[in-house]
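The values are calculated or read from the model by the stated rules, or taken from the named source; none is laboratory data. Keep in mind it's a predicted model, so treat the numbers as computed, not measured. All Cβ positions, even for glycine, are placed from backbone atoms using ideal geometry, and neighbour counts span all protein chains on display. Quick note on the areas: whole protein, heavy atoms, side chains included, nothing else; ligands and nucleic acids left out. Shrake-Rupley method; radii C 1.70, N 1.55, O 1.52, S 1.80 Å.
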Amino acid sequence: MQLFAHPEFDHHETVCFCHDERSGLRALIAVHNTALGKGLGGCRMWPYRSEDEALTDVLRLSRGMTYKAALAGLPQGGGKSVIIGDPRRDKTPELMRAMGRAVDRLNGAYVVAEDSGTSVADMRLMAEVTRHVGGLADDKAQAAGRTGDPSPATAFGVFIGIQAAVKHRYGRDDLRGLRVAVQGVGNVGYRLCRHLHEAGAQLWVTDLHAPAVERCVREFGATAVDMDRIVALEVDVFAPCALGAVLNDASIAQLRAGVVAGAANNQLARPEHDHALMARGILYAPDYCINAGGIIDIHYEGPDYDAAVVEAHLRRIGTTLSAIFERAQAEQRPTGEIADRMAEERFKRA
Ligand code: NAD
């Protein structure tokens, strides 16, 4: 295993391997960049097949958090952690506390939050042993409607992002009658559908999980679509809200939507797919910009949580996307590349 020569290393400030004999914890914490603030990022628990696979994942994810926080205008850096293990089989309270102690040893350079395989309950266990935990909802935040689940804020941010993309691509201010295909109607996709429905959009939805689709058909009058047909639908917006790498050679050739804007992380299978979308005249809303609602919401948690302040910040996702779209158009460069450059300008200048 190579670290400094690892293809994903990219000047990480800190990478630690964490172990606890009693609980069996095996974890990695990576802090990419703290120029703008503490490295905030989720803790993923996953049965990685090898330590190399876990290292690659944590490095890639923590770098992504630096870019996401910088573009979201947050005084935060990027970090991430992974626990090697199956969350359904290996998770115990003692393991979570051991992870909390590992986080604590970094003295706040890394702030942990929930991610795939971890929950708000796990964060509460970590919070017993460290203050450096995000994604908890205290009493005031709960009274303001916050549960610790970032999905509502993420969905609202994606909705605002779709409005900005539609304005840029189609010159339209309202979404009435806009045709949107949503791939994946889980925590974020379902809530996004509600916002779109309330704004008068027409919906086509798909999901692995049939009841999730039925709920959208029932509540929002959506049309159910087979999973393999969603990409090629004749719609205005394709909103990927399920998996990564959904924008690849095959899917880009099939797309008929003029806008791709959704919550899924790592939508581009390879960086050059950014160019392929531009070449087909498809406006792509860079994933880490449009799906930043969750970390924006987490940033404001605490005794002074104010839902109006959070909403105003979430709306700035639209302003940032519009700036990306305009600059991409002026420079004739793909939107993903421009988003990276704008993020770097912020954290490298700091
Ligand atoms: P989720 O697990 O609640 O929902 C994902 C849905 O996609 C599930 O209902 C699942 O059945 C479905 N799905 C899986 N494979 C599919 C396929 N091939 N075709 C169609 N549907 C499929 O997850 P979520 O929290 O809603 O997150 C959705 C995406 O957004 C993920 O990529 C996640 O990383 C990203 N994201 C989420 C948040 C958040 O706040 N939850 C924040 C940023 C990014």
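Here are the numbers for this structure:
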item: Every residue from segment 96-121 that is open to solvent by less than 10 Å² (accessible area, probe 1.4 Å) and in contact with a strand residue (DSSP E or B) (Cβ under 8 Å, 6 or more places away or on another chain); result: ALA98, MET99, GLY100, ALA102, VAL103, TYR110, VAL112, ALA113
item: Boolean, ASP274 is within 13 Å of the ligand (Cβ to nearest atom), part of a helix (DSSP H, G or I) and either in the same structural domain as ARG333 (by TED's automatic domain parsing) or among the small types (Gly, Ala, Ser) (or both); result: no
item: Qualifying residue in segment 157-170 (condition: in contact with a strand residue (DSSP E or B) (Cβ under 6 Å, 6 or more places away or on another chain) and not in a helix (DSSP H, G or I)); result: no
item: Residue selected from segment 253-265 under the condition free of Cβ contacts under 8 Å to residues at least 60 places away in the same chain and assigned to a loop (DSSP other than H, G, I, E, B), by the criterion nearest to the ligand (Cβ to nearest atom); result: LEU255
item: Selection status of LEU74, surrounded by 15 or more Cβ atoms within 10 Å (Cβ to Cβ), part of a loop (DSSP other than H, G, I, E, B) and in contact with a helix residue (DSSP H, G or I) (Cβ under 6 Å, 6 or more places away or on another chain); result: yes
item: Among (1) over 24 Å from ARG316 (Cα atoms); (2) away from the ligand (no atom under 12 Å from the Cβ); (3) open to solvent by 10 Å² or more (accessible area, probe 1.4 Å), the one test that LEU283 misses; result: (1)
item: Residue count for segment 77-127, restricted to those that are touching a Cys at 6+ places or on another chain (Cβ under 6 Å) and in a loop (DSSP other than H, G, I, E, B); result: 2
item: Members of segment 298-350 found to be among the aromatic types (Phe, Trp, Tyr) and either touching a Phe, Trp or Tyr at 6+ places or on another chain (Cβ under 9 Å) or assigned by TED's automatic domain parsing to the domain that holds VAL112 (or both), listed by number; result: PHE347
item: Residue that is within 14 Å of the ligand (Cβ to nearest atom), more than 22 Å from PHE156 (Cα to Cα), hydrophobic (A, V, I, L, M, F, W, C) and not in a loop (DSSP other than H, G, I, E, B), where the choices are ALA250, ALA239, ALA245; result: ALA250
item: Count of residues meeting criterion [open to solvent by 20 Å² or more (accessible area, probe 1.4 Å) and more than 9 Å from the ligand (Cβ to nearest atom)] in segment 180-199; result: 5
